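Asker: Input: one structure, supplied below.
Values quoted throughout were computed directly from the atomic coordinates according to the rules given, and no laboratory measurement underlies them. Every value quoted in this text rests on a predicted model; they were computed, and no experiment measured them. All Cβ positions, even for glycine, are placed from backbone atoms using ideal geometry, and neighbour counts span all protein chains on display.
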Amino acid sequence: MQMATGDSVSVLDEKESIVVYLNTGNVDENGKAVIDRATVNGISPSAQEQAKYDFAYNLAGLTSKTVDGINLRNYVELGPIG
């Protein structure tokens, strides 16, 4: 049985990722900073934002690069499908 528009839907799973943008200290041919990205999947959405922020900085501390930005990405799986 496939779902159609208007059928009941529920949240099957929620996932979160942390994306840390790292400044390499280099610039490209246009003079813009070269930024690397490190993504960690499987972060608990219920974890406190301060813990996520601290985790991102600790992760960056394993490199010689500096943090240029931190993003959280939330993914919600809806279903049922099929």
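Asker: Stretch Leu78-Asn26 to full length: gain in nm at 0.36 nm per residue minus the Cα-Cα span?
Answerer: Here the answer is 14.6 nm.
Asker: With contacts defined as alpha carbon pairs under 8 Å and 6 or more residues apart, what's the relative contact order of the range 10-79 in percent?
Answerer: It comes to 52 percent, rounded to a whole number.
Asker: Specify, per residue and in Å³, the volume enclosed by the convex hull of the alpha carbon atoms belonging to the chain.
Answerer: 138
Asker: At R0 = 25 Å, how high is the FRET efficiency between Ser8 and Tyr53 if r is their beta carbon distance? Nearest 0.05 is fine.
Answerer: After rounding, the FRET efficiency stands at 0.10.
Asker: On to the next question. Pick out which of Asn41, Asn71, Asn30 has the largest mean-square fluctuation in a Gaussian network model of the chain, springs linking Cα atoms closer than 10 Å.
Answerer: In this elastic network of the chain, the residue with the biggest mean-square fluctuation among Asn41, Asn71, Asn30 is Asn30.
Asker: Quick check on the exposure proxy: order Glu49, Glu29, Glu16 from fewest to most C-beta atoms within 10 angstrom.
Answerer: Arranged by neighbour count, lowest to highest, Glu49, Glu29, Glu16 become Glu29, Glu49, Glu16.
Asker: Something else now. Restrict the search to the range 28-74; then list the trypsin sites (Lys or Arg not before Pro) that DSSP places in a loop and that have at most 14 other Cβ atoms within 10 Å of their Cβ.
Answerer: Filter output for the range 28-74: Lys32.
Asker: Which order do Leu22, Leu62, Leu72, Leu78 fall in if you start with the one that has the fewest other Cβ atoms within 10 Å?
Answerer: Leu62, Leu78, Leu72, Leu22
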